[in-house]
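For reference, the structure is listed below as structure tokens.
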Amino acid sequence: MSIMPILLFATDVIHEIATVLFVGGLYFMLFVQLPAIASVKSPRMRLQLRHASFKRLFRWSWLGLVLMWLTGAYHLYLTKPAKLEMYVWIMILLYAIFTLLLLVAQFGVFIDAIMALEDGNSERASWLYRRLRVLIWFAFLLAVALMLLDNTGPALVQFGGFNLESLLDGR
């Protein structure tokens, strides 16, 4: 018995867990954590709670994103497709955009918000956290699009409805 089907199954399971971890974290932050923080009366306390929440979100987001990259690449290594379907290339591009977005959010906007908070400029920190929320919304929508593409891409290919040639030819 070959070990490859077991490895492929394990890779897929880890990939799905990483996806749930990542998308679930974004969902929780947007629909539970940030609205709860908004109800806190003290502006200073709201900023501190946002800081702690985003710090934790980024830690788990990077874990999920790295696992998704590794398991996706390993899945391709195990299956060794003759050519990658268009939906796979689109997913790779979206993951790259996703990674860049997370880098900008954490090492750009979040770091600026921390520095503004430490400098006592709560107005700027609050403004930056609002920008961060917009980035997280965009990341969430991108993640949902990736999940849909991951699940519908193979079905579209099976029926011959998702390739670059047909898109360019206007069929």
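The values are calculated or read from the model by the stated rules, or taken from the named source; none is laboratory data. What you see is a predicted model; the values in this text were computed from it and never measured. As a convention, Cβ positions derive from the backbone with ideal geometry for all residues, glycine included, and neighbour counts pool all protein chains shown.
For the structure I just gave you, tell me whether Leu21 is closer than 17 Å to Val144 by Cα and touching a residue at least 40 places away in the same chain (Cβ under 8 Å). Spell out the reasoning first.
Details: closer than 17 Å to Val144 by Cα: yes; touching a residue at least 40 places away in the same chain (Cβ under 8 Å): yes.
Answer is yes for this residue.
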- [ ] Give the stretch 12-39 a look and list any residue that's more than 18 Å from the chain's Cα centre (by Cα) and surrounded by 13 or more Cβ atoms within 10 Å (Cβ to Cβ), or say none.
- [x] Ile37
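For the stretch 135-171, how many residues meet the condition of being surrounded by 12 or more Cβ atoms within 10 Å (Cβ to Cβ) and modelled with pLDDT of 75 or more? Step through it out loud before you land on a result.
So in the stretch 135-171, the residues surrounded by 12 or more Cβ atoms within 10 Å (Cβ to Cβ) come out as 135-140, 142-147, 149-150, 152-154, 156-157, 162-163, 166.
If we keep only those that are modelled with pLDDT of 75 or more as well, we get 135-140, 142-147, 149-150, 152-153.
Within the stretch 135-171, residues that are surrounded by 12 or more Cβ atoms within 10 Å (Cβ to Cβ) and modelled with pLDDT of 75 or more number 16.
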Open item on the list: For the stretch 40-74, give me each residue that is β-branched (Val, Ile, Thr), in a helix (DSSP H, G or I) and either over 30 Å from Leu7 (Cβ atoms) or more than 11 Å from the chain's Cα centre (by Cα) (or both).
Closed with: Thr71
